[in-house]
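Engineer: Could you have a look at this structure, given as structure tokens, before my questions?
Laboratory data are not the source of any read-out in this text; all were calculated from the coordinates shown. Computed from a predicted model, the values in this text were never measured in an experiment. Please note: Cβ atoms are built from the backbone with ideal geometry, for glycine as well, and neighbour counts cover all protein chains shown.
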């Protein structure tokens, strides 16, 4: 019998929803902080053995119903020819941002198997170590990767990115096409390595107007997803409400929503055949356990018995109290749908 | 005959939409930077004569169709008993954040005429100086003010705010009630001083789930707006899409939307009697002038001939090229609706 998450993503009956959560292997866990005290983030992402250890941490501690391979979205930018720096106390930085046609001409189209071997290898190791626990793969969405590539770092307003879209649309389309192809092949390599599903993170799509999202994000998500098959493909954007009516046009098999949308409304908009993942506010984990449990129950009831994967609406925060995480997971685990 | 903006906010026929924009008096203008080189931000906000000068700057330079009184949303927090610091290079800071019932007990209920005299006085001076130019008043919304009061500064996740809502709801309700009363009276004092309309800025409402917005923002906007009358009252939130179906429940006479919602859809949801303000992406002003003009025209056409006030979807950025602002305003000014 296949795992809970596979059944939920197939819309099949489940006794309760499966639960995993974004950034479940991360700084909020003591085990992770201890390892990071000895090893840099880049080293963790670049070593399949260490990445596999970190991937296992939340599985062992919380009995989440799926692992997600430990990595970052930015190795794809290294694969197309840009060096990334993670400086202490700052976010990631692209050393030479791409802001013109001539900058873009220096990007390369890599062979994904050669350029991005660590994540598939981590997935294979995890599957040997834990054959009973399903593991998810992931990648950044083309538009979100473009944001970092052009801006060069995290940003409040991403002015350089939008300036490129609107001043040099041909260059932007060229880079997005390249990113979409690499992302699609990368996700396929993770499915081939044994991922039971893959998630495409469009974290920064939410800076776009609906018109701009349809022009600059949607076609490249379609293009990336069109290059991979064999496992459910989940689309996530941190701001779901502005694009709610259009999210199923991505071609994704399931949609992961943030907390600024009612999950019952999302299900109604997406229709009965599209499973939904989400949608607890990550900051709710700072609330008292009873309040967390109430919110978990509310989401599960609103989502209904089929096609729901419980998750946060965005990554867990590094300062999250571990008791909050435990209350959330326990409440999901205690759920029992009547047999159907 | 009343001004363009008064007619637009009354849903009356206009030859073209009026235009003003959030933070139109600010750092992107050389005139403003020159004054700020000599005078601190707090000094500007605390002196009606200087505030009036700054309020006039975009009116004189761009012939915008309305001024908005130069101030900040945080003086209300000083009025209820908390000191604010604007340190160079940082955002505002509340010296003693309010995070418990005992912290809240030290807040005071001020007489608004005594505690907040500068903004009404600035409006009166502006009206003497420029009797032909309409001026708007404003205040922060109760929930947005609570965010700063509890967190103590700007924040990505506002953990302390949400922790208070969910751990000590009675305390949160108590503070929000106080803020709503002060905000309502403050807006009334601005209307009495001659503001043709007032806007309530709920900048941080967008961190809330729809359920939490209905619980923690909506009732206190209603309460504040219920205390003022005599001029149109506009509600603005930086994330409109998550709450779109509920925004008219605020009781506001007009709704100001961000750029992550289609203005035609917003008008359909709000109904024909609610004027809409917005909704150009502020970063669009970094695009080439032709692209800015295309976007301005698209918004004006989608909004339709009545009940639209042209604006950005959020405040203009300090690094905005002045040519972008000029292109936007000129395109609005060139619009001509056929007579109806």
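Engineer: Please determine, in degrees from 0 to 90 and to the nearest 10, the orientation of helix B:169-192 with respect to the longest principal axis defined by the Cα atoms of chain B, where the helix direction is its Cα long axis.
Structural biologist: Rounded to the nearest ten degrees, it is 40.
Engineer: Now a separate question. Based on the Cα coordinates of the range A:78-210, what is the per residue volume of their convex hull in Å³?
Structural biologist: 123 Å³
Engineer: What number, in percent, do you get for the relative contact order of the range B:4-334 if the mean sequence gap of Cα pairs under 8 Å and at least 6 apart is divided by its residue count?
Structural biologist: Reported relative contact order: 21 percent.
Engineer: I've got another one for you. Mind listing the label-point distances from residue A:215 to the same position on all other copies, shortest first, one decimal in nm, points 7 Å along Cα→Cβ?
Structural biologist: Result, one decimal in nm: 4.0.
Engineer: Now, a different point. Using the alpha-carbon atoms, what tilt in degrees (0 to 90, nearest 10) does helix B:118-129 show relative to the longest principal axis of chain B?
Structural biologist: Between helix and principal axis, roughly 20 degrees.
Engineer: In nm, what does the list of distances from residue B:41 to its counterparts in the other copies look like, shortest first, when each label sits 7 Å along Cα to Cβ?
Structural biologist: In nanometres, ordered from closest: 2.7.
Engineer: Tilt of helix B:48-62 relative to the longest C-alpha principal axis of chain B, in degrees (0 to 90, nearest 10)?
Structural biologist: 30 degrees
Engineer: Please tell me the relative contact order of the range A:7-154 in percent, rounded to the nearest whole number, where contacts are Cα pairs under 8 Å and at least six residues apart.
Structural biologist: Relative contact order here is 26 percent.
Engineer: Moving to a separate point now. Mind putting together the pair-distance distribution for the range A:158-264? All Cα pairs, 5 Å bins, whole percent per bin, short to long.
Structural biologist: 2, 12, 22, 23, 19, 13, 7, 2, 0
Engineer: Follow-up question, since we're still on this one. With the cut-off at 38 Å, report for the protein assembly as shown the share of all Cα pairs above it, as a whole percent.
Structural biologist: In whole percent, the long-distance tail amounts to 37.
Engineer: Also: At a Förster radius of 51 Å, what calculated FRET efficiency corresponds to the Cβ-Cβ distance of residue A:128 and residue A:336, to the nearest 0.05?
Structural biologist: Efficiency, from the Cβ-Cβ distance: 0.95.
Engineer: Quick one: Debye curve from the alpha-carbon atoms of the range A:78-130 only, equal weights, vacuum; give me log10 I(q)/I(0) at q = 0.16, 0.32 Å⁻¹ to two decimals.
Structural biologist: -0.69, -1.11
Engineer: What fraction of the DSSP beta bridges in the protein assembly as shown is antiparallel, stated in percent and rounded to the nearest 5?
Structural biologist: Bridges in the protein assembly as shown that DSSP calls antiparallel: roughly 15 percent.
Engineer: Still on this structure, please answer the following. Please compute the average number of Cβ atoms from other chains found within 10 Å of each residue's Cβ in peptide B:241-248.
Structural biologist: Mean partner-chain Cβ count within 10 Å for B:241-248: 3.
Engineer: Between the range A:246-292 and the range A:204-221, what is the C-alpha centre distance in whole Å?
Structural biologist: Centre-to-centre distance over Cα atoms comes out at 19 Å.
Engineer: Give me log10 I(q)/I(0) at q = 0.17, 0.22 Å⁻¹ for the range B:212-327, Debye formula, one equal scatterer per alpha-carbon, no solvent.
Structural biologist: Ignoring solvent entirely, the Cα scatterers give -0.84, -1.19.
Engineer: Can you work out which chain B residue has the shortest Cβ-to-axis distance for the rotation that carries B onto A, and give it in Å?
Structural biologist: Residue plus distance in Å, as requested: B:241, 2.
Engineer: Report, to one decimal in Å, the Kirkwood hydrodynamic radius for the range B:229-292 based on all distinct Cα pairs.
Structural biologist: 12.6 Å is the Kirkwood radius here.
Engineer: Can you give the helix-only mean residue ellipticity at 222 nm for chain A, where every DSSP H stretch with n ≥ 4 adds -39500 (n - 2.57) and the sum goes over all residues, rounded to the nearest 500 deg cm²/dmol?
Structural biologist: Theoretical 222 nm ellipticity from helices: -13500 deg cm²/dmol.
Engineer: Can you figure out the FRET efficiency of residue A:109 with residue A:167, using R₀ = 25 Å and their beta-carbon distance, to the nearest 0.05?
Structural biologist: With R0 = 25 Å, the Cβ-Cβ based efficiency is 0.55.
Engineer: Over chain B, with a single point scatterer placed on each C-alpha, what log10 of the ratio I(q)/I(0) does the Debye formula yield at q = 0.09, 0.13, 0.14 1/Å?
Structural biologist: -0.45, -0.98, -1.15
Engineer: Can you compute the radius of gyration and Dmax for the range A:24-90, using only the Cα atoms, both in Å?
Structural biologist: 12.7, 38
Engineer: Under the definition of partner shielding as Cβ atoms of other protein chains within 10 Å of a residue Cβ, what is the mean value for peptide B:129-138?
Structural biologist: Mean partner shielding for this stretch: 0.
Engineer: Run through the other copies and list how far each one's label point is from that of residue A:156, in nm with one decimal, shortest first; the point sits 7 Å from Cα along Cα-Cβ.
Structural biologist: Computed spacing set for this position: 1.4 nm.
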